[in-house]
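Enquirer: If you scroll down you'll find the structure; I have some questions about it.
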Amino acid sequence: MIKAFSRAIAQLSDPRLRRIFWLGVIGSLVVFAALWGGIAVFLSSTDYLHYSIFGYPISLDFISDILGNLAAGVLTWLLFPSVITLVASLFLEDVAAAVEERHYPGLAAPRKQQISEILWITLKFAAIGIVLNILALPFIIILIFFPPFNLFVFYGLNGYLLGREYFELVGHRRFDPRTARRVRRRFRGQVFVAGVLIAIMLTVPIVNLIAPIIATAAMVHLLHGWRERLEPASQDHSLEIRD
């Protein structure tokens, strides 16, 4: 696990990875700028917290502005892992290809995936991640008073989701969907731990900007390590593996 992430970090100087980094950053900034802009417009249009006491006008709009921006900040923090993964996933095929070209040059071409398959995987887990994080928000808020349980909920939930997401983004390049599920279940513990590490990176400022690239590259290394362990099984056709 440590070796996979270390090798991923070491390749960040690759020009192809730098290009994807900037595309992901710009895309994510656009998404969150739209989110904050929409909230700002909504808050500026509110005009219902005005009162008059003994003839003196009192406005409480500033309270709604503070609470609204606070809510936007919390939602940004909670949804960032899902949103940046959704944006970056549009470019992560190039990350996986760059890693394989450098470290696994003898591999055959990856499995041809239909656009519908890629979109389904990406949108499904992005939607699940956003919905589950919103549903978990009340529990996380309650558990703020009982640290570190709130962190266990947040990182456990996102670790599970992100581990599956990145495995499927990478795994479906080499396995058909049915085989990919069998491999993921075989190594579910390691997939979960990798997902937790990815979730942690995605919530660390600055690091979260390059986290999707590191996550994809590390998952490629993990996947090929698992493939080597599964080679004996592939000889009796219990798993279909593309070399």
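The values are calculated or read from the model by the stated rules, or taken from the named source; none is laboratory data. Computed from a prediction, not measured in an experiment: that's the story for all the values here. Here the Cβ is made from the backbone with ideal geometry for all residues, glycine too, and neighbour counts use every protein chain on show.
Enquirer: Would you check if there is a residue in segment 156-173 being of a type in the set (D, E, K, R) and within 19 Å of residue 228 (Cβ to Cβ)? Can you show your working first?
Expert: Within segment 156-173, the subset of a type in the set (D, E, K, R) is 164-165, 168, 173.
Now restrict to residues that are within 19 Å of residue 228 (Cβ to Cβ): 173.
Scanning segment 156-173 turns up at least one residue that is of a type in the set (D, E, K, R) and within 19 Å of residue 228 (Cβ to Cβ).
Enquirer: When residue 161 is evaluated against the numbered criteria (1) more than 20 Å from residue 202 (Cα to Cα); (2) modelled with pLDDT of 80 or more, which criterion, by number, is the only one it fails?
Expert: Of everything listed in (1) more than 20 Å from residue 202 (Cα to Cα); (2) modelled with pLDDT of 80 or more, residue 161 misses just condition (1).
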